[in-house]
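Colleague: Below is the structure I would like to discuss, written out as structure tokens.
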Amino acid sequence: MFDSLKEKLGSFRDDVEETAEEKAAEEEEEAPTEAPEGETAEAATVAERSTEHDAPAAESAVAEPAAEDADEASTAADEPADEPTEEEEKSTGFGAKMKAAATGKFVIEEEDLEEPLWDLKMALLESDVEMSVAEEILDRVEEELVGERRKFTESTGSIVEDALREALLEVISVGQFDFEERVADADKPLVIIFTGVNGVGKTTSIAKMSQYLEERGYSSVLANGDTYRAGANEQIGEHAEALDRKLITHQQGGDPAAVIYDAVEYAEANDVDVVLGDTAGRLHTNEGLMDQLEKIGRVVDPDMTLFVDEAVAGQDAVQRAKQFDEAVTIDGSILTKADADSNGGAAISVAHVTGKPILFLGVGQGYDHLERFDPEVVVGRLLGDES
Ligand SMILES: Nc1nc2c(ncn2[C@@H]2O[C@H](COP(=O)(O)OP(=O)(O)OP(=O)(O)O)[C@@H](O)[C@H]2O)c(=O)[nH]1
């Protein structure tokens, strides 16, 4: 899952690490040449060692004028090189560089990140992350990394990883709520309507949701509001049979709102906790079909409307989510076929673009292949926390 994006995020980490190492090396190289006479990075280091841990050695160095380095060390020890005057700091940057060489820390500047950030942006866009979401991620990463005095070498990788983690979490956690708590607290029956275009896995997701709810102690009835498509009753009927659930259907061409209404009545009469209503795989541009959804809204006033699309559809899924939300106001999304998606762009973008959370991922064709969307787990996967 999301392997290609994972690899690209890994490359960004490596790029910044490399940039950091180059910068560190540069600064170490530059420090002696820019140093006022008699002060070198090495001298500063020796001085630090001498003053902190080994005073007698410093003394013996003073007593040995032939050793040039040691002589410099004693000068540096008298006037600590790692505490330059403000003037020196401003005019030459020498102080900062000396500090970098002596402490293993330096400031990451905006220009240092220009190239890696550009590459990251390209990687996100190639992975189908929506433009505004990619920009948000870049801004946050840059904000986290630039201007702080950072330790380079080994820790650069983890600093970059933390910055990426924060940025990704921020964009994908949008609107998250506790689905199970919402189900537990709702008056029964709870009505959930599933919407989205044809063939993305809506019907399969309803069956998976029924299983998911059963595992948590909730009964459910299925309702086929897809009265538009020939064969829809049979398709959902197979799932109902396999799961041993009651299914409410009407004739093809019937009123979808009436089917869902009947299912609510059935649930009320039989103490069923949740009504799971399928709808025709409609295009958001088809006004007649969108009107049907609005009618379902009026007639049964669902507790939740979930938008279903496939993660593998990338940008298309993101745009559809946005348009469906504008047309019918969704409460959250389910992204199916995440198991087959190496890009992860939809998973990263949909919540930020709609302002509504991704609640579940479909991760296979089996009934138990519905996974609660946990932002921390998803980001962890993207950053290689688990294989
Ligand atoms: N790999 C994988 N396949 C899935 C997943 N979810 C659904 N599918 C498959 O996708 C295909 C389409 O799923 P359906 O549930 O029939 O799609 P639908 O949106 O109901 O389609 P319509 O009824 O035509 O609107 C089926 O072959 C499913 O088994 C998933 O999470 N992973």
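Per-residue answers, yes or no, for (1) among the hydrophobic types (A, V, I, L, M, F, W, C); (2) touching a Cys at 6+ places or on another chain (Cβ under 8 Å); (3) in a helix (DSSP H, G or I); (4) modelled with pLDDT of 90 or more:
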| position | (1), (2), (3), (4) |
| --- | --- |
| E89 | no, no, yes, no |
| W118 | yes, no, yes, yes |
| S132 | no, no, yes, yes |
| G157 | no, no, yes, no |
| K188 | no, no, no, yes |
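Colleague: I've got another one for you. Conditions first: (1) more than 14 Å from the ligand (Cβ to nearest atom); (2) outside any loop (DSSP other than H, G, I, E, B); (3) surrounded by 22 or more Cβ atoms within 10 Å (Cβ to Cβ). D291 passes all but one, so which condition is the exception?
Modeller: Condition (3) is where D291 drops out.
Colleague: What number of residues within segment 216-231 satisfy the criterion of being in contact (Cβ under 8 Å) with a residue 12 or more places away in the chain and either surrounded by fewer than 20 Cβ atoms within 10 Å (Cβ to Cβ) or in a loop (DSSP other than H, G, I, E, B) (or both)?
Modeller: The total comes to 8.
Colleague: Is it fair to say Q251 is among the polar types (S, T, N, Q) and within 16 Å of the ligand (Cβ to nearest atom)?
Modeller: No: the conditions fail for Q251.
Colleague: Kindly indicate whether any position in segment 180-189 is closer than 30 Å to G254 by Cα and surrounded by 21 or more Cβ atoms within 10 Å (Cβ to Cβ).
Modeller: Yes, the conditions are met somewhere in segment 180-189.
Colleague: Determine the pairs where a residue that is closer than 18 Å to Q176 by Cα and within 12 Å of the ligand (Cβ to nearest atom), located within segment 301-315, has a partner that is assigned to a helix (DSSP H, G or I) and of a type in the set (S, T, N, Q) with Cβ atoms under 6 Å apart, the partner being 6 or more residues away or on another chain.
Modeller: V308/S205
Colleague: If you don't mind, there's one more thing I want to ask. Name the residues in segment 232-259 that are under 20 Å from N198 (Cα atoms) and in a helix (DSSP H, G or I), would you?
Modeller: Listed by number, the residues that qualify are A232, N233, E234, Q235, I236, G237, E238, H239, A240, P256, A257, V259.
The values are calculated or read from the model by the stated rules, or taken from the named source; none is laboratory data. Note that the structure is a prediction, hence the values are computed from the model and not measured. With ideal geometry, Cβ positions are generated from the backbone for all residues, glycine too; neighbour counts draw on all protein chains shown.
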